1. Regarding region 89-98, can at least one residue be identified that is in contact (Cβ under 8 Å) with a residue 24 or more places away in the chain, closer than 27 Å to Ile23 by Cα, surrounded by fewer than 18 Cβ atoms within 10 Å (Cβ to Cβ) and over 16 Å from the mean Cα position of the chain (by Cα)?
2. List pairs: first residue in region 128-156 and over 16 Å from Glu67 (Cβ atoms) and without any contact (Cβ under 8 Å) to a residue 40 or more places away in the chain, second residue among the polar types (S, T, N, Q) and in a strand (DSSP E or B) anywhere in the structure, Cβ distance under 6 angstrom, at least six positions apart or on different chains.
3. Go through region 109-165 and give me each residue that's surrounded by 13 or more Cβ atoms within 10 Å (Cβ to Cβ) and among the β-branched types (Val, Ile, Thr).
4. Can you spot a residue in region 109-127 that is in contact with a Ser or Thr (Cβ under 8 Å, 6 or more places away or on another chain) and either touching a residue at least 40 places away in the same chain (Cβ under 8 Å) or of a type in the set (Phe, Trp, Tyr) (or both)?
5. Any residue at all in region 24-44 that's within 16 Å of the ligand (Cβ to nearest atom), modelled with pLDDT of 95 or more and either under 15 Å from the mean Cα position of the chain (by Cα) or of a type in the set (A, V, I, L, M) (or both)?
6. Check region 69-76 and report whether any residue there is out of contact with any Phe, Trp or Tyr (no Cβ under 6 Å at 6 or more places or on another chain) and loosely packed, with under 15 Cβ neighbours inside 10 Å.
7. Please give the strands (runs of 3 or more DSSP E) falling wholly within region 25-111 in which 3 or more residues are hydroxyl-bearing (Ser, Thr, Tyr).
8. Within region 50-81, track down each residue that is within 16 Å of the ligand (Cβ to nearest atom) and of a type in the set (Val, Ile, Thr).
Amino acid sequence: MKKFILLFMLVSNISIAESMNMIGEKGKTEEVDRVIEVKMYDTFYEPNEFKIKKNETIKFIVHNYGELVHEFNIATKEMHLKHQSEMMKMVENEILLADTINKKKMKELSKKDHAMSHTHANSVLLEPNKSEEIIWKFNTSAELEAACNVPGHYEAGMIAKISNI
Ligand SMILES: [Cu+2]
């Protein structure tokens, strides 16, 4: 019985560690290896593919040149699909409008529902003509893609491939 409990603890610890490091982690400014400029349009990225070495730390400077709100989110395909229901909730709560983000409402609602705060280190959500940076450390071999989860945009092909070189 003791052995069984020990094994269980070990296995559950491994799975927690795996899910946390699965997509990499927030990078530090002093560890940036490369800077990549990303332009967001309605509804695609330029460039639409990133070639990244394992353990590289990249600073993405993301600009929204479109007329709609767009997201640049680094995750696995499964995570994007999950995230899309959160984004739909933001639309239903009128936090996320076609070309604006109601930050006041976002703050109010995020007190009740953390998913509404939309502050994740692996993503930026930008109104038109706004820019923001993400520093990401790719210490992972997971298959990742950058994508926009604003309802309808992922389906429209707003996805950039992230490939390991
Ligand atoms: Cu978008």
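The values are calculated or read from the model by the stated rules, or taken from the named source; none is laboratory data. As the structure is a computational prediction, the values presented were derived from the model and not from experiment. Don't worry about glycine lacking a Cβ; one is built from the backbone with ideal geometry, like all the others, and counts go over all protein chains shown.
1. Taking region 89-98 and keeping what is in contact (Cβ under 8 Å) with a residue 24 or more places away in the chain, we get 89-91, 96-98.
Then keep just the ones that are closer than 27 Å to Ile23 by Cα; that gives 89-91, 96.
Narrowing further to those that are surrounded by fewer than 18 Cβ atoms within 10 Å (Cβ to Cβ): 89, 91.
Imposing the further condition that a residue be over 16 Å from the mean Cα position of the chain (by Cα) reduces the set to 89, 91.
Among the residues of region 89-98, at least one is in contact (Cβ under 8 Å) with a residue 24 or more places away in the chain, closer than 27 Å to Ile23 by Cα, surrounded by fewer than 18 Cβ atoms within 10 Å (Cβ to Cβ) and over 16 Å from the mean Cα position of the chain (by Cα), which makes the answer yes.
2. none
3. Val124, Ile134, Ile135, Thr140, Val150, Ile159, Ile162
4. Filtering region 109-127 for residues in contact with a Ser or Thr (Cβ under 8 Å, 6 or more places away or on another chain) gives 110, 116-118, 127.
Cutting the leftovers down to either touching a residue at least 40 places away in the same chain (Cβ under 8 Å) or of a type in the set (Phe, Trp, Tyr) (or both) gives us 127.
Yes, that holds for at least one residue.
5. Narrowing region 24-44 to residues within 16 Å of the ligand (Cβ to nearest atom): 38-44.
Checking which are modelled with pLDDT of 95 or more leaves us with 38-44.
Then drop every residue that is not either under 15 Å from the mean Cα position of the chain (by Cα) or of a type in the set (A, V, I, L, M) (or both), which leaves 38, 40.
Yes - at least one qualifying residue is present in region 24-44.
6. Checked against the condition, which is being out of contact with any Phe, Trp or Tyr (no Cβ under 6 Å at 6 or more places or on another chain) and loosely packed, with under 15 Cβ neighbours inside 10 Å, region 69-76 yields no hits at all.
7. Numbers: elements: 34-41, 44-46, 49-52, 57-64, 70-75.
Output list is empty.
8. Val62, Val69, Ile74
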